[in-house]
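Down below is the structure, laid out as structure tokens.
We did not get these values from a lab; they are worked out from the coordinates using the rules stated. The model shown is predicted, which means the values in this text are computed figures rather than measured ones. Positions of Cβ are backbone-derived with ideal geometry, glycine not excepted, and every protein chain shown enters the neighbour counts.
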Amino acid sequence: MKSSEQHGIFQAADGRVKLISTCIFVALVTMIYSWYNLVAVLFIFTIELLAMNFPIYKHLKRLMIPVFLVGIMSALMGLAEMSSGQGVERGIILFLRALCAVFAINAAVSSMTVPEVLHSMKGLRVPDMLVSLVGFTLRYADVFSKEMSRMMTARKSRGYSPGKNLWHFATMKIIGQTIGALFLRSYERSERIYFSMLSRGYTGGTMPLRETSRIKAADLFAGISIVLAPAVFKMAEMRGISWIALLK
Amino acid sequence: MDCAVEIDDLFFHHKDGTRALKGINLRIRRGRRTVILGPNGAGKSTLLLHLNGIYLPQKGTVKVLGMEVNPKNEKKLREIVGLVFQDPDDQVFCPTVWEDVAFGPLNYDLPEEEVDKRVDEALKAVRLEGLEQKAPFHLSYGQKKRVAIAGVLALKPEIFILDEPHAFLDPYSRAELLKILDALNGQGSSIIVATHDVDFAYEWADDVVVMKDGIVLASGDRNILTDDKIINEAELEYPLLVKLFKKLSEARCDKIPASVDEAAEFLRRKMNGKCQ
């Protein structure tokens, strides 16, 4: 999630536009069948982000773990399809589709603050209960991770050191106890949060959120830029046009 | 006596069977700064939760500004009694500061302009203007505490209740908090603070209530904190000033000073007298 001031066009664009265009982008790339079109989409999308002053290098660092996982999944898929003789190509296509999707989702989410995500969801008429659930989860993820870290520090301060593998019974026991304690603390905290809500006149309903502003032309420009490349390449694919063949 | 709170024979036990309150009888005066003192587990927080109807009396009665606490008027009650919880992370839960402060007024269906006005005033009172669009997890602990207070201020309650307001606050934030409380009291609000900080109670409170094991041991002005019997029975400590002046028997003061300033003035006079 973004935590600093907004910079480029992409980051400053309306959250609703970013979320919708990202969903369309993901849907389109999953329908593209050739690897070279996927590579072109990825390339153009990267160029667009750079043109819109998006801090791409910071973003790439965050992609390392998801890309690693996507790579493993694609390799397994490719291996499973080896018998058909198209395993490598299918594995590559799957990897490129997933890479495009992860890249776009990560770019959209990392360019928004938590309030922006929630306001955008509300603006897109996502059910209030779901928005509240996401809001509470995002708000308290930080509190619980700090609580978890404090518990682990307290354990370490009393000489605890975790085992080096998953078969270390004592470590698993401690991890289990920590998660159990965290669960109980979360339960107790949820009761206190509910009391604090009641004390300010809460009688049901959902988290009140401020109305979102109107969508401007610059927002639409950013949204169209996101979906343009996959839309063009998909249409070209449907009409049997291949830019690789044209190059030859 | 003009009472903000009247409690008669109040009993309460938690779901796990713990008897938290065992027959509380108490009067809290209107427009005063009242501190409820007691060790951990004395029942302070449970008592506070009765004052705006979060907990309802299982036996006995609680009246706030003459209104009996019962399920029928709990919403009205929460508008006149503002409760600030010990941990601001329990209270500040909305995605932005503005939305959190507006949470109370929006629950009372106030018009949009009125909500805006109240949020602006509340944030100004706690000196957090400009942070309206900040997410709570980007704030310091002291700032979150002030957001929690602003959230209560926006409801414009007549009685402010704070549970352990100094917990985990640094000295600067603590001083800032005191300024806010004094300003509110200056505007006529009744302030009730639950704490185990005897120094704070001795220096700040107009009235002090001492609790232990779910009962009220004593109530009165700050001088009850100089009483050996009460302090020992409540398992509290003397405030630092009391401790000092009790040891300085040669100072021969009739009345122990109520603040550091008073103590300094007294000692200055004594020293000047000796030198002359």
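With contacts defined as alpha carbon pairs under 8 Å and 6 or more residues apart, what's the relative contact order of chain B in percent?
Values: 497 pairs, mean separation 63.8, N = 276.
Worked out over chain B, it gives 23 percent.
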Once the mean of 1/r over all distinct C-alpha pairs in chain B is inverted, the Kirkwood radius in Å reads 19.9
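Among B:Lys63/B:Lys134; B:Lys72/B:Lys134; B:Lys212/B:Lys243; B:Lys44/B:Lys243, which pairs are too far apart, with a Cα-Cα distance over 28 Å? Walk me through the numbers on the way to the answer.
Details: B:Lys63/B:Lys134 38 Å; B:Lys72/B:Lys134 37 Å; B:Lys212/B:Lys243 21 Å; B:Lys44/B:Lys243 25 Å.
With Cα atoms farther than 28 Å apart: B:Lys63/B:Lys134; B:Lys72/B:Lys134.
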Efficiency of FRET from Cβ geometry, A:Thr203 and A:Ala170, R₀ 56 Å, rounded to 0.05: 0.70
Give me the count of lysine pairs in region A:121-199 whose alpha carbons sit under 28 angstrom apart, restricted to pairs 8 or more positions apart or on different chains. 6
If you count, for every residue in B:77-90, the Cβ atoms of partner chains within 10 Å of its Cβ, what is the mean? 4
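Taking the Cβ of A:Thr171 as the center, what net charge do the other residues with Cβ under 12 Å away carry, scoring Lys and Arg +1 and Asp and Glu -1? Could you put the intermediate results ahead of the total?
Values: positive: A:Arg155, A:Lys164, A:Lys173; negative: none.
Neighbourhood net charge equals +3.
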Could you give the length gained on full extension between A:Ile56 and A:Arg125, defined as 0.36 nm per residue of separation minus the Cα-Cα distance, in nm? 21.8 nm
What is the Cα centroid distance between region A:174-248 and region B:127-180, reported in whole angstrom? 30
Just name one of A:Ile92, A:Gly78, A:Ile65: the one whose Cα is farthest towards the positive end of the charge dipole of region A:38-100 (beta-carbon charges, Lys/Arg +1, Asp/Glu -1). A:Ile65
Based on alpha-carbon centroids, what's the gap between region A:6-54 and region B:194-243 in Å, whole number please? 65
Quick one: Debye curve from the C-alpha atoms of region A:121-199, no solvent, what's log10 I(q)/I(0) at q = 0.26, 0.27 Å⁻¹? -1.24, -1.27
Rg (Å, one decimal) plus Dmax (Å, integer) for the alpha carbons of region B:42-92? 11.3, 32
Between B:Asn73 and B:Asp221, what is the FRET efficiency for a Förster distance of 30 Å, r being their Cβ-Cβ separation, to the nearest 0.05? 0.40
How much mean residue ellipticity at 222 nm does chain B get from its helices, if each DSSP H run of length 4 or more adds -39500 (n - 2.57) and you divide by all residues, to the nearest 500 deg cm²/dmol? -11500 deg cm²/dmol
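Work through the residues other than A:Pro162 whose Cβ is under 10 Å from its Cβ and net out their charges, Lys, Arg +1 and Asp, Glu -1. Please report the intermediate quantities before stating the final value.
Working: positive: A:Arg155, A:Lys156, A:Lys164; negative: none.
Taking every other residue near A:Pro162 into account, the sum is +3.
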Mind ordering A:168-175, B:99-106, B:160-167, B:64-71 by average Cβ neighbours within 10 Å, highest first? B:99-106, B:160-167, B:64-71, A:168-175
Report, in degrees rounded to the nearest 10, the 0 to 90 angle that the Cα long axis of helix B:260-275 makes with the longest principal axis of chain B. 20
Along the Cα→Cβ direction, 7 angstrom out, place labels at A:Ala75 and A:Met152. What is the inter-label distance in nm? 2.6
So which DSSP H runs in chain A come out at 15 Å plus along the axis (Cα) with average Kyte-Doolittle of at least 0.0? A:15-29, A:35-51, A:64-80, A:87-110, A:128-157, A:169-198, A:217-238
Coarse-grained scattering of region A:51-131 at q = 0.10, 0.14, 0.20 Å⁻¹, given as base-10 log I(q)/I(0) from a Debye sum over alpha-carbon atoms: -0.39, -0.65, -0.89
Amide H partners (placed H, <5 Å) of B:Ala20, local residues excluded: B:Phe12, B:His13, B:His14
Just in region A:186-218: which trypsin sites (Lys or Arg not before Pro) are loop by DSSP and have at most 10 other Cβ atoms within 10 Å? A:Arg214
For the protein assembly as shown, what does the equivalent ellipsoid look like in terms of its semi-axes, each the square root of 5 times an eigenvalue of the Cα gyration tensor, given largest first in whole Å? 59, 26, 23
How large is Rg over Rh for chain A, taking Rg from the Cα atoms and Rh as the Kirkwood inverse mean of 1/r across Cα pairs? 1.06
